[in-house]
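J.: Sharing a structure below in structure tokens format, with a few things to ask.
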Amino acid sequence: MIGKTVKHNPKTILVTGGAGFIGSNFVHYWLEKYPNERIIVLDALTYAGNRANLTTAEKNPQFKFIHGDILDSDLVGKLLDGEQIDTIVHFAAESHVDRSIHGPDAFLKTNIEGTHSLLKAAKKIWLDGGEKDHRFHHVSTDEVYGTLEPAAPAFTEQHQYKPNSPYAASKASSDHIVRSYHHTYGLNTTISNCSNNYGPYQFPEKLIPLVIANCIDGKLLPIYGDGKQIRDWLYVNDHNRGIDLIIRNGESDNTYNIGGNNEWTNIDIVILICELMDQHDPKGAPHNRLVSYVTDRLGHDRRYAIDASKIMSELGYKPEETFETGIRQTIQWYLDNERWWRKVMDGSYREWLNKNYN
Ligand code: NAD
Ligand code: TYD
């Protein structure tokens, strides 16, 4: 194997997609934990990116925001060189499965071509003129593995890739391209495939924040199909802790699954959120009266489950948040930050919902 590294000590990191849900949580986590490391966000500010997610970070002299596109390989090359970046943490993507069903093109463009554009810039600056200390971490999803039967063992890193949605297929493709840049050129790359995240700053088109927002507004809670699909939920900063361990101690060319060992059916999650909302707003109770079964998602994956034993045994990873504490914290964040989610739900998102779901 070429380009193998085990320990990496980042000094200046580039976070792509750092104005989105997981990326912005990552920035806050990183600035607090590593006050001596510089962090630069590159984000195109699509509908899912919001500079307001980074308001506190913008006050920190170690932080810089660049409004730009990962498809702009020249810009990325100049940033890597000019800012002496030694680490890329690549979150930028189109990330919502429903949108990928209605309009796959943007997913192929950003997730596949965008990732390749970053890799090209990284190779040019970090390898072509003599190798510099570097690490490229690619943030991916458990959806690349496809769907599981109810009693099947959880996905390990050896599980065959069988992506079902255009979103999952675009992420699977990007994983392969990242891997090829290690094997062909010797770029130091790592990949994480994580389960469903939840927490602050998640755009309310995804299940958990949508249900919280609709409970607050007394709107219907759309349950696709029979609601018995299963997802494995992880608190967002438990994902970020895993990425942190991989960047510093993970072995190049390795893939690590990250998950919470926390499988729930969609309907059970929605009922749990309704019960917690009943405690907060007894006048609106019972919130489960808002549950509304709707037409199923096309090609809907039945079950995802992650076997995270590799990252646990090799890198000492352990999620810190229980679902009980994480979901309470998340609900409280949406209650405390109504202005934030009302603002992001206005405009283009409403337009998109109306166009595609009448
Ligand atoms: P998100 O949709 O909230 O954020 C994506 C961010 O990327 C936004 O800030 C957007 O403006 C930016 N972006 C999009 N296209 C860009 C481009 N061409 N150039 C620069 N920036 C661009 O996504 P998220 O939920 O935070 O997910 C982040 C990453 O984690 C994605 O790669 C996703 O596949 C992966 N992931 C997400 C989950 C989850 O549950 N949300 C789980 C596992 C993996
Ligand atoms: P989502 O949050 O979109 O994440 P993903 O598709 O990446 O797993 O959806 C989580 C689950 O919830 C998924 O099985 C689809 C389902 N779902 C609903 O039933 N209703 C909804 O309104 C949404 C957005 C999702």
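The values are calculated or read from the model by the stated rules, or taken from the named source; none is laboratory data. This one's a predicted model, so the numbers in the text were calculated from it and none came from an experiment. Don't worry about glycine lacking a Cβ; one is built from the backbone with ideal geometry, like all the others, and counts go over all protein chains shown. Protein only, heavy atoms only, side chains kept; ligands, DNA and RNA dropped before computing areas. Shrake-Rupley method; radii C 1.70, N 1.55, O 1.52, S 1.80 Å.
J.: Suppose we filter the range 54-77 for residues that are more than 23 Å from F21 (Cβ to Cβ) and open to solvent by less than 70 Å² (accessible area, probe 1.4 Å); how many remain? I'd like the intermediate steps shown before the answer.
T.: The first filter runs over the range 54-77 and keeps only residues more than 23 Å from F21 (Cβ to Cβ), leaving 61, 73-75, 77.
Right, trim to open to solvent by less than 70 Å² (accessible area, probe 1.4 Å) and you get 73, 75, 77.
Of the residues in that region, 3 qualify.
J.: Given the conditions (1) farther than 30 Å from S165 by Cα; (2) open to solvent by 10 Å² or more (accessible area, probe 1.4 Å); (3) over 19 Å from the mean Cα position of the chain (by Cα); (4) not aliphatic (A, V, I, L, M), report the number of the one that H28 does not fulfil.
T.: So H28 meets the others, but not (3).
J.: Are any residues in the range 310-324 among the hydroxyl-bearing types (S, T, Y) and open to solvent by less than 60 Å² (accessible area, probe 1.4 Å), and if so, which ones? Lay out the reasoning, then the answer.
T.: Going through the range 310-324, the residues among the hydroxyl-bearing types (S, T, Y) turn out to be 313, 317, 322.
Listed by number, the list holds a single entry, Y317.
J.: How about the range 161-210: which of its residues are away from ligand 2 (no atom under 13 Å from the Cβ), farther than 25 Å from D105 by Cα and open to solvent by less than 40 Å² (accessible area, probe 1.4 Å)?
T.: Across the range 161-210, the qualifying residues are H182, G186, L187, N188, T189, T190, P200.
J.: Ok, one more. For S95, work out the one condition from (1) under 22 Å from N249 (Cβ atoms); (2) small (G, A, S); (3) open to solvent by 30 Å² or more (accessible area, probe 1.4 Å) it doesn't fulfil.
T.: Among (1) under 22 Å from N249 (Cβ atoms); (2) small (G, A, S); (3) open to solvent by 30 Å² or more (accessible area, probe 1.4 Å), S95 violates only (1).
J.: Could you name every one of the strands (runs of 3 or more DSSP E) located completely within the range 205-317 that has at least 3 residues being hydrophobic (A, V, I, L, M, F, W, C)?
T.: Details: elements: 221-224, 230-235, 254-258, 263-265, 291-294.
Fully inside the range 205-317 and qualifying: 230-235.
J.: Would you mind stating whether L80 is open to solvent by 20 Å² or more (accessible area, probe 1.4 Å), over 18 Å from the mean Cα position of the chain (by Cα) and under 25 Å from S173 (Cβ atoms)? It would help to see each step written out before you state the result.
T.: Numbers: open to solvent by 20 Å² or more (accessible area, probe 1.4 Å): no; over 18 Å from the mean Cα position of the chain (by Cα): yes; under 25 Å from S173 (Cβ atoms): yes.
It is false that L80 is open to solvent by 20 Å² or more (accessible area, probe 1.4 Å), over 18 Å from the mean Cα position of the chain (by Cα) and under 25 Å from S173 (Cβ atoms).
J.: Hey, any hits in the range 64-87 for a residue that's within 14 Å of N240 (Cβ to Cβ) and of a type in the set (A, V, I, L, M)?
T.: Looking through the range 64-87, none of the residues is within 14 Å of N240 (Cβ to Cβ) and of a type in the set (A, V, I, L, M).
J.: Hey, another quick one. Cβ-Cβ distance below 6 Å, separation of 6 or more or different chains: which pairs start in the range 185-210 with a residue that is in contact (Cβ under 8 Å) with a residue 60 or more places away in the chain and end on one that is more than 8 Å from ligand 1 (Cβ to nearest atom) and of a type in the set (D, E)?
T.: I191/D175; S195/D232
J.: Can you tell me which residue among E113, E131 is more than 10 Å from ligand 1 (Cβ to nearest atom) and either surrounded by fewer than 23 Cβ atoms within 10 Å (Cβ to Cβ) or in a helix (DSSP H, G or I) (or both)?
T.: Values: E113 fails: more than 10 Å from ligand 1 (Cβ to nearest atom).
Unique residue meeting the criteria: E131.
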